[in-house]
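What follows draws every value from the coordinates through simple rules; no lab data is involved. Just so you know, these numbers come straight off a predicted model, no measurement behind them. So basically every Cβ, Gly included, is an ideal-geometry build from the backbone, and we count neighbours across all protein chains shown.
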Amino acid sequence: LRGLHPSPVIIYVRENPEILASAMDKLYGTLVSAYGVDSRDIRVTDVPTAYDLPSAVRRMGKDKQVVVVVALLTRDKPWFDQAQIERVREFLLAWSQQNAVPLVDGILVDDTQNALQVRVAAPVWNVQARECGATYEEPRDAASVDSRPADLDADGYMFGHYLAHRAVEMFYFEHRGW
């Protein structure tokens, strides 16, 4: 079955490692267990900041069938620059189009680490729940945002599941003519 499944490269930013580890575990695990991607076909690399994503994508993504970029960023860091993040996103889109390589944009930005953790674990990312018409409502006050992360378990990191689904979907759309 090798060749029938994507050979993805996953490039992630090392910011917010506590949240990132769970999301990456869910992404990798879903690709292997739910979609049958051979773990030997998955290449994973990291970069120190989102600003390093363009060079990593150019270097790693050229011969791949699909590229997944994961960056879980917070605005409360002194080095955060929204305009620069938008330029990175524009580059990623242009690179994907120029090289005909599907790219899954997994860049999420939120105000604080707690808010980001709640967002990453939200059921809105669960593809099956979304298909059944389930909805996710944002917490209405700061107290509920700050209290929810402690209640999350490793199975709650739906963002990783969503990224895996999008990677496989884009691979089949681009390379298998869905």
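For this structure, a couple of remarks:
- Note on residue 33 and residue 62: the model spin-label points, each 7 Å out from Cα along the C-beta direction, lie 3.6 nm apart.
- Taking the Kirkwood radius as Rh and the Cα radius of gyration as Rg, the range 10-109 has a ratio of Rg/Rh equal to 0.96.
- Computed lengthening from residue 112 to residue 86, 0.36 nm per intervening residue step minus Cα-Cα distance: 7.5 nm
- Charge dipole magnitude, Cβ of K and R +1, D and E -1 - the range 18-80, Cα centre, debye nearest 20: 240
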